[in-house]
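The values are calculated or read from the model by the stated rules, or taken from the named source; none is laboratory data. Model, not experiment: these values are computed from the prediction. Cβ sites come from the backbone with ideal geometry, for glycine too, and all protein chains shown count toward neighbours. Note: areas computed on protein heavy atoms with side chains; ligands, DNA, RNA excluded. Shrake-Rupley method; radii C 1.70, N 1.55, O 1.52, S 1.80 Å.
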Amino acid sequence: GRRRAHAAAGQALERRRVGRTAEHAAELAEHYRLAGPAHARAAWSFARRAAELAVERSAPDEAARLYAAAVDAVQADDSASPEERESVRSGLGRAPCRAARPIDAWAHLAAAGESALGRGDPVSAARILLAITEQPVWTWRTHPLVDDRAIETWQAVLAALPKHEPLLRAQVQVALAVELVHDDVSKVLEGTGPG
C-alpha cells in the first residue's frame with residue numbers, strides 16, 4: 001500500500017527529472033526511505049547527494065540531517081559495501097565539523113575510520129579521521145576530555161600507515177599528540193600525572 005505508493009512516487013519523480021535529479025534529491029530520498037528496505041540503496045544514495053548539496057550551500061545542519069538519514073538507510077541496504085557505509089558515516093561526521101561542532105563529529109568519524117582500518121585500509125582510515133582536524137587542530141577538544149579509545153585508534157592507524165605516506169603519517173602524529181596532551185593535562189588536573 002503506502003510503501004508501494006512512495007516507491008512509485010520516487011520513480012515517477014526520477015523519470016520526470018532525468019538529468020536534474022540532484023535538485024530533488026532530498027525529496028527522492030524521503031520517498032525511497034518511506035518505500036521500505038527494498039529501496040534502501042536509492043534512499044541513502046539520494047540522501048547523501050542531497051547532503052552534499054547542502055554542504056555546498058553552506059547549510060551544515062541540513063547536511064547533518066540528510067547524512068543521518070543516509071546512515072539509517074545504508075544500514076538497511078544489505079548490498080552496501082563497507083566503503084559506501086564509511087563514506088556516508090564520515091559525511092555525517094564532517095557535517096558538524098563544518099558547523100564548528102567537531103566534538104559531535106568524532107563518534108561518526110571514529111566508526112568509519114575503524115571500519116576502514118579493520119578492512120586493511122589505513123590510508124582511508126587516516127583521511128576519514130583527519131576530518132576532525134579540518135578546523136584548527138588545537139581547538140577540536142574544547143576541554144581536557146580523555147578518550148582512551150581515540151588514542152588507541154590514532155595509534156593503530158599510525159602503526160598501519162605505510163612509510164610512503166609521510167604527510168598522512170605526520171598529520172596523524174599531530175592529531176595523536178593533541179590527544180596525548182589532553183591525556184597529560186587531565187592527569188595533572190587529577191593530581192596523578194607529572195607536575
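Data overview
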| quantity | calculated |
| --- | --- |
| Residues satisfying the stated conditions in the range 68-92, i.e. of a type in the set (D, E, K, R) and over 11 Å from ALA112 (Cα atoms) | ASP72, ASP77, ASP78 |
| So ARG101, is it open to solvent by 80 Å² or more (accessible area, probe 1.4 Å) and modelled with pLDDT under 85 | yes |
| Whichever residue in the range 8-41 is open to solvent by less than 30 Å² (accessible area, probe 1.4 Å) and in contact with a Gly (Cβ under 7 Å, 6 or more places away or on another chain) and, among such residues, is modelled with the lowest pLDDT | LEU28 |
| Check on ARG89, under 25 Å from GLU179 (Cβ atoms), within 13 Å of the chain's Cα centre (by Cα), open to solvent by 40 Å² or more (accessible area, probe 1.4 Å) and modelled with pLDDT of 95 or more | yes |
| Search result, residues across the range 58-73 that are surrounded by fewer than 24 Cβ atoms within 10 Å (Cβ to Cβ), more than 10 Å from the chain's Cα centre (by Cα) and not acidic (Asp, Glu) | SER58, ALA59, PRO60, ARG65, ALA69 |
| Residue selected from the range 92-108 under the condition assigned to a helix (DSSP H, G or I), hydrophobic (A, V, I, L, M, F, W, C) and closer than 19 Å to ASP147 by Cα, by the criterion farthest from the chain's Cα centre (by Cα) | ILE103 |
